[in-house]
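Note sheet for the following structure.
The values are calculated or read from the model by the stated rules, or taken from the named source; none is laboratory data. Worth saying up front: this structure is predicted, and the values here are computed from it rather than measured. When we count neighbours, we look across all protein chains shown, and the Cβ atoms used for this are built from the backbone with ideal geometry, even at glycine. These accessible areas exclude ligands, DNA and RNA; they are computed on the full protein's heavy atoms, side chains included. Shrake-Rupley method; radii C 1.70, N 1.55, O 1.52, S 1.80 Å.
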Amino acid sequence: MTTAIEIRNINKQFVLRHTRSLKEALVWLLRGRKGDLSKKFHALRDLSIDVEHGETVALLGLNGSGKSTLLKHISGVMLPDSGTVRTGGRVAGLIEVGAGFHPDLSGRDNVFLNGAILGMTETQIKEKFDSIVEFAEIGEFIDTEVKFYSSGMYLRLAFSVAVHTDPDVFLVDEILAVGDEPFQKKCLAKIKELAAAGKTLVVVSHDLDLVAHVCERGVLLEHGRVIMDGPVGDVISRLRGN
Ligand SMILES: Nc1ncnc2c1ncn2[C@@H]1O[C@H](COP(=O)(O)OP(=O)(O)OP(=O)(O)O)[C@@H](O)[C@H]1O
């Protein structure tokens, strides 16, 4: 196996904007703007992790532990303040449902837009278009502007485009939550099909039974650090406090 994702010592801080009183702002100005009026929050701390091609990894942890932030770094939509992120092969997936979709364009146009963003050529998208629409079960709504879609319809189309890009690394963030049950089952079957075909999966979900079903490896985050990395069952047991 070769490395699909190589993350070395990444750090990410967010600026927390606080509303300051006029007095505080005045004192800050009179002191020559010394210090920082905003506070910083360390979301990822010196985090390193390697994922081999074909591994299925669940990112686990309590709310705010940094799972989604880490996934955004793997996808490249976020850059670390320091450290490096390297990925091998095509990376696709669902991180924020609807990201990469333009609300004023139809579903059809968005398939072409999103497909292109995910690295497909126009010919490839044309070839797969019918299959994308069929999987999404969007039917006649494909020519409706996506701003009129329900969150489930967004998810269906976005998921369908992502799986049709033939990704080497597939990222999934808590997306199945907005789909109805039959579609969740269909997505899950597709995700397992990708895993069986040797694709690399990184999944963020609070549905521990689901991740135990889909992933073999678990990575537990706490305050932006990896505190456990091992078989998913062991990591889930720790998370559940067993
Ligand atoms: N763009 C941002 N600006 C400021 N703070 C942010 C931003 N994105 C994330 N954070 C903060 O970073 C921390 C980690 O967020 P993240 O979404 O990665 O957590 P998570 O483990 O995925 O949580 P959850 O289980 O609730 O989805 C949180 O405290 C969050 O408020």
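Quick rundown of the values:
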quantity: Residues (aliphatic (A, V, I, L, M) and either modelled with pLDDT of 90 or more or crowded, with 20+ Cβ neighbours inside 10 Å (or both)) located in region 72-81; calculated: 74, 78, 79
quantity: Unique residue being touching a strand residue (DSSP E or B) at 6+ places or on another chain (Cβ under 8 Å), touching a residue at least 12 places away in the same chain (Cβ under 8 Å) and within 16 Å of the ligand (Cβ to nearest atom) when the list is 194, 155, 171, 118; calculated: 171
quantity: Options 121, 84: the member that is at pLDDT 95 or above and among the hydroxyl-bearing types (Ser, Thr, Tyr); calculated: 84
quantity: Conditions (1) open to solvent by 20 Å² or more (accessible area, probe 1.4 Å); (2) of a type outside the set (A, V, I, L, M); (3) touching a residue at least 12 places away in the same chain (Cβ under 8 Å); (4) not in a loop (DSSP other than H, G, I, E, B): number failed by residue 102; calculated: (4)
quantity: Residue list for region 43-53, filter: within 25 Å of residue 209 (Cα to Cα) and open to solvent by 30 Å² or more (accessible area, probe 1.4 Å); calculated: 50, 52, 53
quantity: Any chance residue 66 is touching a residue at least 12 places away in the same chain (Cβ under 8 Å), on the phi > 0 side of the Ramachandran plot and within 15 Å of the ligand (Cβ to nearest atom); calculated: yes
quantity: Residue list for region 127-143, filter: surrounded by fewer than 15 Cβ atoms within 10 Å (Cβ to Cβ) and closer than 14 Å to residue 165 by Cβ; calculated: 127, 131
quantity: Cβ-Cβ under 7 Å pairs, at least 6 apart or on other chains, region 1-18 side at pLDDT 95 or above, far side outside any strand (DSSP E or B) and among the β-branched types (Val, Ile, Thr); calculated: 5/74; 12/69
quantity: Test set (1) assigned to a loop (DSSP other than H, G, I, E, B); (2) within 16 Å of the ligand (Cβ to nearest atom) - residue 47 fails condition number; calculated: (1)
quantity: Condition broken by residue 124, with the remaining ones in (1) in contact with a helix residue (DSSP H, G or I) (Cβ under 9 Å, 6 or more places away or on another chain); (2) open to solvent by less than 60 Å² (accessible area, probe 1.4 Å); (3) closer than 29 Å to residue 3 by Cα satisfied; calculated: (2)
quantity: All strands (runs of 3 or more DSSP E) inside region 148-242 with 2 or more residues being open to solvent by 40 Å² or more (accessible area, probe 1.4 Å); calculated: 225-231
quantity: From 188, 220, residue being within 16 Å of the ligand (Cβ to nearest atom) and not polar (S, T, N, Q); calculated: 220
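Table: residues versus (1) touching a helix residue (DSSP H, G or I) at 6+ places or on another chain (Cβ under 7 Å); (2) outside any helix (DSSP H, G or I); (3) open to solvent by 70 Å² or more (accessible area, probe 1.4 Å); (4) not basic (Lys, Arg).
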| site | (1), (2), (3), (4) |
| --- | --- |
| 15 | no, yes, no, yes |
| 41 | no, yes, yes, yes |
| 65 | no, yes, no, yes |
| 70 | no, no, no, yes |
